[in-house]
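Before any comments, here is the structure.
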Amino acid sequence: MLIIGIAGGTGCGKTTVVNHIVNELPENEVCVISQDSYYKDTSHLTYDERTKINFDHPQSIDFDLLVEHLSELRDGKTIQQPVYSFVEHNRTDETVSTKPSKVIIVEGILILTNQKIRDMFDIKIYVHTDSDERLIRRLKRDIAERGRDIDEVLDRYQNTLKPMHQQFIDPTKEYADLIIPNNHYNNVAVDIVRTIIKERLN
């Protein structure tokens, strides 16, 4: 089994990179696990209290459960991956049954901040994108897909996202085996990753 971690700031294009890697691999040989599925359960809080949580701080992630699930997958066991609602700022009651596969890709902004998780990755990738470009992508996504308004997104970016990126996320570039600049789609870098994966699998 090959476990790949793909990190980078919000709106950097991690999902695009992941999709281009996945599309070149047989469907039954790869699964993707999103860090967003592992936000801590906040059912004990009111909705207003949940909206005030700093979701861009490493403490917001249930890394223990993520480590447990990756370990189980590596042992050939099927896991029940949590499902998170960005509208409710909380996990739902649903889970997704996820079977072990030859390649597991874990993607998320904070995945390289945790040493236990880092140590499980065979390949660590950081997707780097200009901060203005990331803000524009975040604005479009949160308004279109997550029911946010522009003032809420800008306020969160200025007071939470940007300082957390500078404090926790950007420094994790030093742990990366490969940094992919992604202001524009980077064919060469993704081809290198795909080649490494295919060599490992063979």
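The values are calculated or read from the model by the stated rules, or taken from the named source; none is laboratory data. Note that the structure is predicted; figures quoted are calculated from it, not measured. Please note: Cβ atoms are built from the backbone with ideal geometry, for glycine as well, and neighbour counts cover all protein chains shown. Calculation scope for accessible area: heavy atoms of the full protein, side chains included, ligands and nucleic acids excluded. Shrake-Rupley method; radii C 1.70, N 1.55, O 1.52, S 1.80 Å.
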TODO: Report, to the nearest whole %, how much of the accessible area of the chain belongs to carbon and sulfur atoms, 1.4 Å probe, protein only.
DONE: 45
Task: Calculated over the chain: convex hull of Cα atoms, volume per residue (Å³) - done: 118
TODO: For residue 173, list the lysines whose Cα falls under 19 Å from its own Cα; do not include residues on the same chain fewer than 8 positions away.
DONE: 14, 116, 124, 162
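With the other protein chains left in place, how much accessible area per residue, in square angstrom, belongs to the chain at a 1.4 angstrom probe?
Details: 10460 Å² over 202 residues.
Here the per-residue accessible area is 52 Å².
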TODO: List the trypsin sites (Lys or Arg not before Pro) within region 11-105 that fall in a DSSP loop (any state other than H, G, I, E or B) and whose Cβ has at most 14 other Cβ atoms within 10 Å.
DONE: 52, 77
Open item on the list: Just to confirm my numbers, what's the Cα centroid distance between region 91-120 and region 124-183 in Å?
Closed with: 19
TODO: Give me the number: length gained by fully extending residue 132 to residue 50, i.e. 0.36 nm times residue separation minus the C-alpha to C-alpha distance, one decimal in nm.
DONE: 26.8 nm
Task: Relative contact order (%) - region 50-202, alpha-carbon pairs under 8 angstrom, separation at least six - done: 24
